[in-house]
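Nothing in this text is a laboratory measurement; each read-out follows from the coordinates by a stated rule. Please read all numbers here as calculations on a predicted model, not as lab measurements. Here Cβ is always computed from backbone atoms with ideal geometry, including for glycine, and neighbour counts include all displayed protein chains.
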Amino acid sequence: MVEDKDIRLEDPDLEEKEIDEGKAAALLAYIPFLCFVPLIKMRDNRYAVAHGKQGLVLLLIELVAAVLLVPRISTLIWQLVLVASLGAAIYGVINVLQGRWAKLPFIGDFAERMKI
């Protein structure tokens, strides 16, 4: 089970082995609806769970944007949210591939507060 202590930006307890084991699941975290894979299958891996939480927050933002889609005016907002979500997902994937942990802007704070 994941410890109460969440992963932080510079976590000295995070071992290279834990990062390597969690990379594949963490990568899936940024693909819509696949964010549940690290949260369910890799519950013991803090690296994968941390990325999974961020992916879940990202998914929720995308779903809210889809529900609030109103013709014309919100189309621009929807497009901006999608571009920002894509950028955040790419940033997360780059961090996973490099074996780093970095909070996504705005999303990381919400993800840290989640108790999963």
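The residue that is farthest from the chain's Cα centre (by Cα), counting only those in region 31-51 that are surrounded by 23 or more Cβ atoms within 10 Å (Cβ to Cβ) and touching a residue at least 60 places away in the same chain (Cβ under 8 Å), is V49. Remark: G99 matches the filter, which requires a residue to be on the phi > 0 side of the Ramachandran plot and of a type in the set (G, A, S). Quick one: would you say V83 is more than 13 Å from the chain's Cα centre (by Cα) and either closer than 18 Å to F33 by Cα or of a type in the set (S, T, N, Q) (or both)? Taking the combined requirement at face value, the residue satisfies it.
Restricting the search to region 31-49, which residues are of a type in the set (A, V, I, L, M, F, W, C), farther than 20 Å from L86 by Cβ and out of contact with any helix residue (DSSP H, G or I) (no Cβ under 7 Å at 6 or more places or on another chain)? Steps first, please.
Our first condition is that a residue be of a type in the set (A, V, I, L, M, F, W, C); within region 31-49, this holds for 31, 33-37, 39-40, 42, 48-49.
Now restrict to residues that are farther than 20 Å from L86 by Cβ: 39-40, 42, 48-49.
Across region 31-49, the qualifying residue is only I40.
Every listed requirement among (1) crowded, with 16+ Cβ neighbours inside 10 Å; (2) outside any helix (DSSP H, G or I) is met by G99 save one, (1).
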